[in-house]
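To start, the structure under review is shown below, and the notes come after it.
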Amino acid sequence: MKSSEFGLSAMYRILKKSGAQRVSDESANELRRIIEEIAEDIAITAVDLVSQSKRKTVKGEDVRNAWIKKVKESDMNRFKTI
């Protein structure tokens with residue numbers, strides 16, 4: 001099993017703050033896995049945006065723009081035919 005970038009206790013807190021009365025280990029682990037997957041995807045997109053602009057430093061706006069790009073792509077997927 002690979003090590004995680006996010007602490008498991010943070011996942012418990014997020015679920016509790018979201019209204020869960022009880023949180024299983026399985027749900028905290030799954031939330032962590034999903035968040036890491038999403039974060040890595042956004043980070044890859046942000047780095048790609050930076051490399052296209054000939055910069056080396058990833059800025060907050062790059063991460064935000066990567067998130068916006070991913071949201072727009074996911075919204076457009078609804079209109080694609082199978």
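Looking at segment 22-60, which of the residues that are among the small types (Gly, Ala, Ser) and not in a helix (DSSP H, G or I) is modelled with the highest pLDDT? Can you show your working first?
Taking segment 22-60 and keeping what is among the small types (Gly, Ala, Ser), we get 24, 27-28, 39, 43, 46, 51, 53, 60.
Checking which are not in a helix (DSSP H, G or I) leaves us with 24, 53.
Numbers: Ser24: 97, Ser53: 90.
Step by step, filter segment 22-60, then rank; the result is Ser24.
The residues of segment 1-21 that are aromatic (Phe, Trp, Tyr) and modelled with pLDDT under 95 amount to a single one, Phe6.
Scanning segment 26-50 for residues that are under 14 Å from Asp62 (Cβ atoms) and of a type in the set (Val, Ile, Thr) returns Ile42, Ile44, Thr45, Val47, Val50. For segment 1-59, taking the residues that are touching a helix residue (DSSP H, G or I) at 6+ places or on another chain (Cβ under 6 Å) and under 17 Å from Lys70 (Cβ atoms), the one that is surrounded by the most Cβ atoms within 10 Å (Cβ to Cβ) is identified as Ala46.
The values are calculated or read from the model by the stated rules, or taken from the named source; none is laboratory data. Predicted model, so just to flag it, every value in this text is computed and none were measured. Positions of Cβ are generated from backbone atoms using ideal geometry, with glycine treated the same way; all protein chains shown enter the neighbour counts.
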